[in-house]
Each structure stands twice: as C-alpha cells, then as structure tokens.
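The values are calculated or read from the model by the stated rules, or taken from the named source; none is laboratory data. Quick caveat, the model's predicted, so the values are computed rather than measured. All Cβ positions, even for glycine, are placed from backbone atoms using ideal geometry, and neighbour counts span all protein chains on display. Heads up: the accessible areas ignore ligands, DNA and RNA and are worked out on the full protein's heavy atoms, side chains in. Shrake-Rupley method; radii C 1.70, N 1.55, O 1.52, S 1.80 Å.
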Amino acid sequence: MKKFTTLETQTTRDILLVACVTALVMIFMFGRPQLAHADAPTTPPSVPANIQAPAGNKLFFVGHATGTQNYVCAPAGGGVKFVLFTPQATLFDEKNEQVTTHYFSPNPDEGGTIRATWQHSRDTSTVWGRVMDGNSSSDPAYVAPGAIAWLLVTVVGSENGPSGGDKLAGTTYIQRVNTSGGIAPSTGCTSSTDLGAQAFVPYTTDYYFYKKAN
C-alpha cells in the first residue's frame, strides 16, 4: 500500500477544503430565496383617478426623492408671489443608493423649452416632462396637509447617455406621489421690495416611472 507523504496529505486536504467552500458558496447563492423584481417594481401606487398612468404602460422604476423646491419672488397678476424656478432633488433606491437627479433644464426635443428633468445617476440617460391640464391633485384623501400636489408628468423629451445608456430613455410617464413639504412660503414675498428673494423649501416624494408595456 502506498504511503502518502506529508506534502501529498496537505495537498489533498487543501483540495477538499476548496471543494467544500465552493459547495457552500453555491448553496448560499442558489439555494436561498431571491428577491423578486428588486430592480423592477410592478405595483403602481394608489392615486387619484386623474393622475393614473394610462393603460398600456407599466411601472419599471421607482426613486425616493429628498431635496428642495426652489422659489423666487416675481411679479404676478399685478402683485408679487413666489414662483418655482427649479426643484433640486436626489432620488434613491430601496438600498439608499443614489439613482437619479431631478431639476429643471432645456428640453432639446422642444427647442430648449425649460422642463422638469430626471437624469439617471449611472448612465446619464435623461427625460424631460410636463404636467398636462388636469393631471395634478391636492385631494386630501391622498395628499398630506402642507404638501405639494401629486402629479402625473407626461414625458416630452428623452436622450440617451453619452455612452448609449438608456435606463430612463423609454419613460412615458412619471408620477409624483407621497409628497411631504415643498409648498411656497406664505411670507417673504409681499411687495415689490421683495422681488428676487429666494426660498428653498425642503420636500420629499416618490417618483414612479412608467414605459410602454410592450
């Protein structure tokens, strides 16, 4: 019978150890339950009828936003009032990782018209949207007191990232729901001497992104 040397015995042990570790890793990776649709949510939020996404569109992306609604005191209706000049927000996913930024910018598909903008944080694909008449709700059954309206935003422009990234490029509609804060101040813009005054009002919200179902 062959006698194994110390080196051969150690090598055999090493091989068995590697095999056992590999098997445990495979069991951990493939034997545990997987999170279903972690990056592809499928359940739309409950919203007023006038801001529901139209039939034929499906939810594909959600971002939880934190930022400010930024206002400037401007002439309006013979007087002055705070007017929104841009939102400034960052959207995070369920892992609290940044996924999108939100602001106003010129929409190239409309000759530079300023629109609400969402840009993906990784591939820089970008979409621009506008709120059509009737697609805003302050229904107290849904919208918290002192919070900005819930919206259905229609996408009116899109652009891939410089390297072809297209995470957001297929977006058709975006819902703004679960809002908190963000309303323009009731003071600080009451006379012509206040013109140009700015107010940065904290807000939070969830943005639900839709694309064509097919």
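General remarks:
- When segment 79-96 is limited to residues that are in contact (Cβ under 8 Å) with a residue 12 or more places away in the chain and in a loop (DSSP other than H, G, I, E, B), the one that is farthest from the chain's Cα centre (by Cα) turns out to be 94.
- Checking segment 83-99 against the condition returns a match, with at least one residue being of a type in the set (Val, Ile, Thr) and either crowded, with 20+ Cβ neighbours inside 10 Å or modelled with pLDDT under 95 (or both).
- Output for segment 117-146, where each listed residue is of a type in the set (Gly, Ala, Ser) and within 22 Å of residue 93 (Cα to Cα): 121, 125, 129
- Scanning segment 115-144 for residues that are in a loop (DSSP other than H, G, I, E, B) and aromatic (Phe, Trp, Tyr) returns a single hit, 142.
- Segment 40-82, residues that are under 30 Å from residue 187 (Cβ atoms), open to solvent by 70 Å² or more (accessible area, probe 1.4 Å) and β-branched (Val, Ile, Thr): 66
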